[in-house]
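The values are calculated or read from the model by the stated rules, or taken from the named source; none is laboratory data. Bear in mind the structure is a predicted one, so any value in this text is a computation, not a measurement. Cβ atoms come from the backbone with ideal geometry, glycine included; neighbour counts cover every protein chain shown. Heads up: the accessible areas ignore ligands, DNA and RNA and are worked out on the full protein's heavy atoms, side chains in. Shrake-Rupley method; radii C 1.70, N 1.55, O 1.52, S 1.80 Å.
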Amino acid sequence: MKPPTVIGQFHTLFFGSVRMFFLGVLGFAVYGNEALHFSCDPDKREINLFCYNQFRPITPQVSFSVFWALQLVIVLVPGAIFHLYAACKSINQECILQKPIYTVIYILSVLLRISLEVVAFWLQIHLFGFQVKPLYLCDAVSLGKKFTVIKCMVPEHFEKTIFLIAMYTFTVITIVLCVAEIFEIIFRRLCFLISQ
């Protein structure tokens, strides 16, 4: 069953294809070789490795990709549950507009989707910030050497910042689409009531 609104259908297309492509292909391109190009001063392998592990305790392919993949799945769950319910009850698109209970259930699923997107947006801000800085100051006291703070260069920091902003933008777009979908379903419901 397709979503009952044009905006809902666009949201599914946008959400399912563009966002996943961006995450899968471009996310790996930006974060895929980070450890190889992470360099510190002095440029010694053990110092680079120590500071990189401090900079990224969890590899970016795991932390970023898993977070956003989990966000994609979690946000899709309310719609999937509604569509499963509709399929079991043999509810078509017009029934959603004609019967108030189905309209309310559908709107609640969209509101849950909005809530999950807002929570994911808040988590993104707190986990990743808005900018990847070009320099990382590594606390090297535990190395037992004469170094206490080591400067390290973060590779492709500008590309990573653009990627983060793009992911935030996708989240905001999907929230706006969900809000617009609620207005469309209410408007179509009102038009249905008026036409009777």
Longest span of the chain, sites excluded, free of trypsin sites (Lys or Arg not before Pro) in DSSP loop with at most 16 other C-beta atoms within 10 Å?
-> 90-144
Among (i) 210; (ii) 199; (iii) 110, which one is volume of the Cα convex hull per residue in Å³ computed from these coordinates?
-> (iii)
Express in nm, to one decimal, how much length is gained between residue 169 and residue 99 on full extension, taking 0.36 nm for each residue of separation and deducting their alpha carbon distance.
-> 21.7 nm
Expressed as a whole number of Å, what is the distance separating the alpha-carbon centroids of the stretch 139-178 and the stretch 69-119?
-> 34 Å
Residue 73: accessible area at probe 1.4 Å, nearest 10 Å²?
-> 90 Å²
List every residue whose amide H lies under 5 Å from the amide H of residue 39, counting only residues 5 or more places away in sequence or on a different chain, with H placed 1.01 Å from N in the peptide plane.
-> 153
Rounded percent of accessible protein surface that carbon and sulfur make up, the stretch 100-183, 1.4 Å probe | 76 percent
Long-range lysine pairs (8 or more apart or interchain), the chain, Cα under 22 Å | 10
Of 148, 161, 171, which has the largest mean-square fluctuation in a 10 Å C-alpha GNM of the chain?
-> 148
Of the options 101, 171, 80, report the single residue whose Cα projects farthest towards the positive end of the charge dipole of the chain (beta-carbon charges: Lys, Arg +1; Asp, Glu -1).
-> 101
Computed, not fitted: 222 nm per-residue ellipticity of the chain from DSSP H runs ≥ 4 (each -39500 (n - 2.57)), nearest 500, equal to -22500 deg cm²/dmol
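DSSP H helices in the chain with Cα extent of 30 Å or more along the helix axis and mean Kyte-Doolittle hydropathy at least -1.0?
60-88, 100-128, 157-195
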Sorting 72, 36 by accessible area (1.4 Å probe), largest first, what list results?
-> 36, 72
Whose amide H sits under 5 Å from the amide H of residue 140, counting only residues 5 or more places off or on another chain, with H placed in the peptide plane?
-> 149, 150
Counting only DSSP beta bridges fully inside the stretch 29-156, the antiparallel percentage to nearest 5 is 100 percent
